[in-house]
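Please read the structure below before turning to the comments.
Each reported figure results from applying straightforward, stated rules to the coordinates on display, with no laboratory input. Not measured: the values here are computed from a predicted model. Cβ placement follows ideal geometry from the backbone for every residue including glycine, while neighbour counts extend to all protein chains displayed.
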Amino acid sequence: MKAPRCIECGRKAALESGDAVYPHRPDLFRQWFWVCVCGARVGCHKGTKSALGNPCGPETAKARGLAHAAFDPLWRRKVELGFPKGPSRDAAYVWLCGEMAPTFADMTRATCHISMMTREQALLVVTICRPFADKVAQARAFERETNRNPRDPRQRLGVVA
Ligand SMILES: [Zn+2]
């Protein structure tokens, strides 16, 4: 099992069980976590000891969460339109990698994954994706609006979704 490197301090993380890392979370007792001496941590793919990414601290974890909230709607929209999930997400990451390259020249498709990003990188993902995520939300709102039958007074009043 290859130990992932901490994104905060660069040291190698150690494998720990969920009951040691989160003693108040019985739901996590049977899962594994990679923990750095600096306190950074990351979970594992369900049922494995394979890290989900690089361990990080709470600020980076928060930024990664924001990055997912801005990035995921873009490829999920394609899935809604009928494109397959895996290739849709992969294509979105290829695009994201290209958009980030001017700022982070060492970023490659292999390292361009939100779960491997620093806080600074994750926040750039938000900046890059937010305008597109807003447009996706607008498109969705437009579709909801125009799918209503304006001649049906109940729908016009928003009684029926
Ligand atoms: Zn560390």
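Cα-based values for segment 18-135, radius of gyration first and Dmax second, are 15.6, 45 Å. The amide H of residue 44, built 1.01 Å from its N in the peptide plane, has 32, 52 as neighbours under 5 Å, considering only residues 5 or more places off or on other chains.
Restricting attention to the chain, lysine pairs at least eight places apart or on different chains and with alpha-carbon atoms under 24 angstrom apart total 12. Here the spin labels are modelled as points 7 Å beyond Cα on the Cα-Cβ line, and at residue 69 and residue 27 they lie 1.9 nm apart. Enclosing the Cα atoms of segment 26-80 in their convex hull gives a volume equal to 116 cubic angstrom per residue.
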